[in-house]
Amino acid sequence: VEVTCFSEASDDHATLHFQIIRLHKQIYVWIGYNSSKLGHLYVATPTRPSNAIGVTSLIGGGAENTGSSIARRLALKTGLSIVLGCNIPKNHPMLEAKAEKMLAQKLIELRYAKPKP
């Protein structure tokens, strides 16, 4: 098990906190916004044989909430199952995009995902 934690200040003086736990064939990710609250919890996993991504909400939220789309795209980028805890407010699409970009860069840096060709 590998654990990585980091924080980044955003443009609006808020702080985004991240925790990544690499498990066997799975990655757990937590994204916090100005607090250590868990928020909604989602699972996204590649399905066979089509390699489509299935996403479900385990705690709170629904398919239209912030974390579900991030989890889906991370599963596509990594090819692994993603468990994502996210407490980013749903009315902040720019903050969501920034958090996902930071997270994707870190996953590439850790070699959990491949960079775009």
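Side notes on the structure shown:
- Test for residue 114: is it at pLDDT 85 or above and open to solvent by 50 Å² or more (accessible area, probe 1.4 Å): no
- Of all the residues in segment 1-47, those that are surrounded by 18 or more Cβ atoms within 10 Å (Cβ to Cβ), small (Gly, Ala, Ser) and either part of a strand (DSSP E or B) or without any contact (Cβ under 8 Å) to a residue 40 or more places away in the chain (or both) number 2.
- The requirement of being open to solvent by less than 20 Å² (accessible area, probe 1.4 Å) and in contact with an Asp or Glu (Cβ under 7 Å, 6 or more places away or on another chain) is not satisfied by residue 82.
- Residues considered: 52, 44. Of these, the only one that is among the hydrophobic types (A, V, I, L, M, F, W, C), at pLDDT below 90 and in contact with a strand residue (DSSP E or B) (Cβ under 9 Å, 6 or more places away or on another chain) is 52.
- Some residue of segment 52-59 being out of contact with any Lys or Arg (no Cβ under 7 Å at 6 or more places or on another chain) and closer than 24 Å to residue 111 by Cα: yes
- Among residues of segment 85-99, those that are within 13 Å of the chain's Cα centre (by Cα) and open to solvent by 20 Å² or more (accessible area, probe 1.4 Å), counted: 4
- Output for segment 70-91, where each listed residue is out of contact with any helix residue (DSSP H, G or I) (no Cβ under 8 Å at 6 or more places or on another chain) and more than 19 Å from residue 44 (Cα to Cα): 91
- Subset tally (residues that are assigned to a helix (DSSP H, G or I) and over 18 Å from residue 38 (Cβ atoms)) for segment 70-99: 10
- Test: residue in segment 59-69 that is surrounded by 19 or more Cβ atoms within 10 Å (Cβ to Cβ), in contact with a helix residue (DSSP H, G or I) (Cβ under 8 Å, 6 or more places away or on another chain) and under 18 Å from residue 6 (Cα atoms): no
- Test result for residue 39, out of contact with any Cys (no Cβ under 6 Å at 6 or more places or on another chain) and not hydrophobic (A, V, I, L, M, F, W, C): no
The values are calculated or read from the model by the stated rules, or taken from the named source; none is laboratory data. These numbers come from a predicted model, not from an experiment. Reconstructed Cβ throughout: ideal geometry from the backbone, glycine too, with neighbour counts over all protein chains shown. We work out accessible area using only protein heavy atoms, side chains counted, and drop any ligands, DNA or RNA first. Shrake-Rupley method; radii C 1.70, N 1.55, O 1.52, S 1.80 Å.
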